[in-house]
Amino acid sequence: MNKTNTTLSVLAMVLSAVALFATLSGIQGAETIREVVKEKVGAVSTPDMQSPYFSYGGVRHWGARTTNLQQATTTICALQAPAATSSLRFASIKLTVSSTTASNVNFGTGLTPYAISSTLGGQAVGANAMGDVVATSTVTMSPNHYFVVVMSGGSGTFSPTGTCEATWVEL
């Protein structure tokens, strides 16, 4: 017998004894315990979960994040949306270094991880600058499409470092 079953058995015996004593003693308002429900209970040892989604109230919330920004290309980040129609609720990029020259960072969604088909916003970032850029609007995304971040402008190489992340709510 494992520890959980032993604990539940002891709890059931104690509650039964209390109910029996209350009934025999004639205590007013005492209720008889009719059954003990046994459920498997799980625990999480950390607030960090490895699953890409978390569900509560029947609503599934998805998240994706990468710290591996692509260098020497214009598409520096692409995160795939869930395999269901979803609403992009938050998207951002935190640049610890942007590029060797001033550039523009633009967000959008796309059918592939290589290009933006619908723009969500963006901003200019200085050479070798740190910066946080947050998408300026939310959008409904088709299954398995991508949230894409591109850099443009400047004359040097794009050598960004930082974090790119997005969250969706499955419809």
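Measure out, as a whole number of angstrom, how far apart the alpha-carbon centroids of region 65-108 and region 131-152 sit.
7 Å
Excluding Leu69 itself, calculate the net charge of residues whose Cβ lies under 15 Å from the Cβ of Leu69, where each Lys or Arg counts +1 and each Asp or Glu counts -1.
0
In nm, what is the difference between 0.36 nm times the number of residues separating Asn104 and Ser152 and their Cα-Cα distance?
Computed gain between Asn104 and Ser152 is 16.8 nm.
With a point put 7 Å past each Cα toward its Cβ, work out how far Lys94 is from Ser159 in nm, to one decimal.
With each label placed 7 Å out from Cα toward Cβ, I get 2.3 nm.
Give me the net charge of Glu170's neighbourhood, meaning all other residues with Cβ under 14 Å from the Cβ of Glu170; Lys, Arg count +1, Asp, Glu -1.
Counting the neighbours of Glu170, the net charge comes to +2.
For Ala84, what charge total do you get from the other residues with a beta carbon under 10 Å from its beta carbon, if Lys and Arg give +1 and Asp and Glu give -1?
0
Based only on other Cβ atoms within 10 Å, what is the fewest-to-most ordering of Ser86, Ser159?
Sorted ascending by nearby Cβ count, the order is Ser159, Ser86.
Between Thr73 and Ala124, 0.36 nm times their residue separation minus their Cα-Cα distance comes to what?
Extra length from Thr73 to Ala124 when fully extended: 16.6 nm.
Take the eigenvalues of the Cα gyration tensor for region 53-170, scale each by 5, and report the square roots as semi-axes in whole Å, largest first.
Over the Cα atoms of region 53-170, the ellipsoid semi-axes are 26, 13, 11 Å.
Values in this text are rule-based calculations from the coordinates and carry no lab data. Not measured: the values here are computed from a predicted model. Cβ atoms come from the backbone with ideal geometry, glycine included; neighbour counts cover every protein chain shown.
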